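One structure is given below, encoded as structure tokens.
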Amino acid sequence: MYGLILRRLGIGVITVLAVSIIIFIGTKILPGDAAQIRLGQNATPENVKAFRERLGLDLPLYQQYLNWLFAFVRGDFGVSLASDVPISSLIADRYLNTVYVSVLTAIIGVPISLALGILAAMFPGSLYDRVLTFISVSLVAAPEFFTATLLVLVFVTFLGWGNAVVVGSAEGKGFFELIVHFALPITTLCFVIASQLIRMSRAAVLNVMSSPYIEMAILKGVPRRRIILRHALLNAIGPIVNVVALNLAYLVTGVVVVEVYFGYPGLATLIVQAVQTRDFVLIQGLGMIFCMTYVILMLIADIAAIASNPRLRHPK
Amino acid sequence: MSAPDHHEHIVAPFDASVSFDELPDAPPSQAYWPSATGWIGIAITCFWFLIAIFGPWLAPYGENDLPFPDDYSEFQASREGAFLGTDVEDRDVMSRIMYGAGRTIGIAFAATLLAYFVGVVMGIGAAVSGPRVDMVLSRINDAFLSLPTIMLGLVVVAAVGSSIPVLILTAGFIYATVVFRLSRAIGMEIMVMDFVEAAKVRGEGRWWIITREIWPNARMPLITDFGLRLIYVILFISSLSFLGLGVQPPQADWGSMVRENLGALQFGESKLAVIMPALSIATLTVSINLIVDDVSAHGGGKLSKRM
């Protein structure tokens, strides 16, 4: 098992390197370069040349890449082209909002959706199961901003609670104050991950339910509730952890849309601004942060799948 | 009980026209008949595809026409001449949705076709051209698959700017990675099946094997996956447009309409300008998903689990 996990970790490291190359090359094929953008249209060729040397843009591409990568590993993201501010300080102001919303979504959304999904698997074909399946089939395909619009209409327009945007700073707020502060973004993202989680956890439990040892338990006369909670659920834990990690990885897209929708500053709004102002240093840094989070969550998903499956744990 | 009678009951009831020395050309395909939810999905999807094709002719105004030139107020409610109200710049919401339908669906459809073309060619290529090519292609593919799609989109838009061809190419190549994996897996799985072996031994040509042995078996997973991919591409394009990085104004597109009119939720007299485009995307993607779910339930329901 450890060999397999180590191999998977190795692949993870290679993936991160490949991702860094993709991001680096992607931000290098642009017309014009960082020095030109930073100095503006009126810069003399001599100025641009001097500045290129200072930024290291006259070096060969592979050397630029290595310099950038090692600086990134040391935590030095460089200086923003658009605002001339170190990127680490731009991030420091905003990363907490993104982290709060993602973590709170995970804390609230995951247990509720898993409970709903497992409950649906306990009574397959019941009215509850069918209604839940229909709702999750519908929501799984709806865009984040549709869910957000529905929530704003119901809670802000009709019930008159709160505001259609997130106003004010989250600083110094306690756990429950934070939930209230980010109520709309968190609820939107919960719906986004819930629809997938419900479907997949239900499928994972039902999948185990069709195995011979469950049939044996049924024939033995074990009560249905006990079969699911003691026999099926334990074997479905692996696939379920896998599903949870995958869905948290999908949150990356959701967070971008939700931050823009509810108009509060976070890392996602920062990268959208960076794209609009073509601030490539900022895109490189933030792109790496988002992609690494994603890769790490995917890695956890894979390792959970390996660790929980005896057949993978002891390969023949 | 006589022997021939006994024999008759063991053999599965064959169609009278088929005898043992005259096998059918292709495996008998089960007819698919949609269920109630399937029909709802088909009806709504057809409705949007028709609007996408004929929208510009059906729309009461042009996409940037101002139906009420003397009225400068934003986000007006529905009234005579503007059934769904007017938007932030006093344009008719319904006309813009009808123009936007063609753009949103057209871009997504073209990108999905491109993804399928690239993905299937590369995937089948990887499946048939030996382990070395397969490994190189698969590793490159895995690197792209391990990136969040929206980040790839952002990097491309930042590098070359946003236009409709760029959107189609970007979405097409991003989603080709998933198609590559699927078609490679299907190709490899079917190529080693006994019935393909049997066809080869029988001396059937390559074309016969592809069209009569592989395609009937690969058809259902590929068609349902096409539907799923189309949903993801629509969501991807709309998300980019919503972020202001997709279809650029003044061209109408459902995602960018939501963005432009977001203020209506707070200040507007009418909120239709932001509800209707969001609802359009949702009804389209949800109805396609209903069809996909229905078709894959018919085929054993494996795809609906995998989603």
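Any residue at all in the stretch A:98-108 that is in contact with an Asp or Glu (Cβ under 9 Å, 6 or more places away or on another chain) and part of a helix (DSSP H, G or I)?
Yes; the residues of the stretch A:98-108 include at least one that is in contact with an Asp or Glu (Cβ under 9 Å, 6 or more places away or on another chain) and part of a helix (DSSP H, G or I).
I'd like the full set of residues that are surrounded by 15 or more Cβ atoms within 10 Å (Cβ to Cβ) and more than 27 Å from residue B:245 (Cα to Cα), limited to the stretch B:160-199.
Selection gives B:181, B:182, B:183, B:184, B:186, B:187, B:188, B:190, B:191, B:196, B:199.
Given the criteria buried (at least 19 other Cβ atoms within 10 Å of the Cβ) and closer than 30 Å to residue B:256 by Cα, does residue A:106 qualify?
no
Pairs needed: first member in the stretch A:70-93, of a type in the set (Ser, Thr, Tyr); second member anywhere, part of a loop (DSSP other than H, G, I, E, B) and surrounded by 12 or more Cβ atoms within 10 Å (Cβ to Cβ); C-beta distance under 7 Å; at least 6 residues apart or different chains.
Partner pairs satisfying both residue conditions: A:80/A:279; A:88/A:77.
Filter the stretch B:211-232 for residues that are within 18 Å of residue B:121 (Cβ to Cβ) and either surrounded by 16 or more Cβ atoms within 10 Å (Cβ to Cβ) or in contact (Cβ under 8 Å) with a residue 24 or more places away in the chain (or both) and give the result.
Scanning the stretch B:211-232 gives B:214, B:218, B:221, B:222, B:223, B:225, B:226, B:229.
Does residue A:252 meet the test of being modelled with pLDDT of 85 or more and within 11 Å of chain B (Cβ to nearest Cβ)?
For residue A:252, the condition - modelled with pLDDT of 85 or more and within 11 Å of chain B (Cβ to nearest Cβ) - is not met.
Kindly indicate whether any position in the stretch B:259-272 is aliphatic (A, V, I, L, M), modelled with pLDDT of 90 or more and surrounded by fewer than 24 Cβ atoms within 10 Å (Cβ to Cβ).
No - not one qualifying residue is present in the stretch B:259-272.
Of all residues in the stretch A:266-316 being in a loop (DSSP other than H, G, I, E, B) and among the polar types (S, T, N, Q), which is modelled with the lowest pLDDT?
Selected residue: A:309.
Cβ-Cβ under 7 Å, sequence separation 6+ or interchain: first residue in the stretch A:204-221 and farther than 14 Å from residue A:234 by Cα and within 12 Å of chain B (Cβ to nearest Cβ), partner of a type outside the set (A, V, I, L, M, F, W, C) and not in a helix (DSSP H, G or I). Which pairs?
Partner pairs satisfying both residue conditions: none exist.
Go through (1) buried (at least 21 other Cβ atoms within 10 Å of the Cβ); (2) under 30 Å from residue A:238 (Cβ atoms); (3) among the β-branched types (Val, Ile, Thr) one by one and return the number of the condition residue A:149 breaks.
Every condition holds for residue A:149 apart from (2).
Looking only at helices (runs of 4 or more DSSP H) that fall completely inside the stretch B:140-247, which ones have 2 or more residues that are within 14 Å of chain A (Cβ to nearest Cβ) and over 30 Å from residue A:24 (Cβ atoms)?
B:215-242
Filter the stretch B:126-136 down to residues that are more than 14 Å from every other protein chain (Cβ to nearest Cβ) and of a type outside the set (S, T, N, Q) and give me whichever is farthest from residue A:18 (Cα to Cα).
Filtering first and then ranking leaves B:128.
Residues in the stretch A:212-229: is at least one closer than 22 Å to residue A:199 by Cβ, out of contact with any Cys (no Cβ under 6 Å at 6 or more places or on another chain), among the aliphatic types (A, V, I, L, M) and surrounded by fewer than 17 Cβ atoms within 10 Å (Cβ to Cβ)?
Checked against the condition, which is being closer than 22 Å to residue A:199 by Cβ, out of contact with any Cys (no Cβ under 6 Å at 6 or more places or on another chain), among the aliphatic types (A, V, I, L, M) and surrounded by fewer than 17 Cβ atoms within 10 Å (Cβ to Cβ), the stretch A:212-229 yields at least one hit.
Answer yes or no as to whether residue A:233 is more than 19 Å from residue A:105 (Cβ to Cβ) and more than 10 Å from chain B (Cβ to nearest Cβ).
Spelling it out, residue A:233 is indeed more than 19 Å from residue A:105 (Cβ to Cβ) and more than 10 Å from chain B (Cβ to nearest Cβ).
Could we say that residue A:37 is in a helix (DSSP H, G or I), modelled with pLDDT under 75 and within 14 Å of chain B (Cβ to nearest Cβ) here?
Answer is yes for this residue.
The values are calculated or read from the model by the stated rules, or taken from the named source; none is laboratory data. Everything numeric in this text was worked out from a predicted model, so none of it was measured. All Cβ positions, glycine included, derive from the backbone under ideal geometry; neighbour counts span all protein chains shown.
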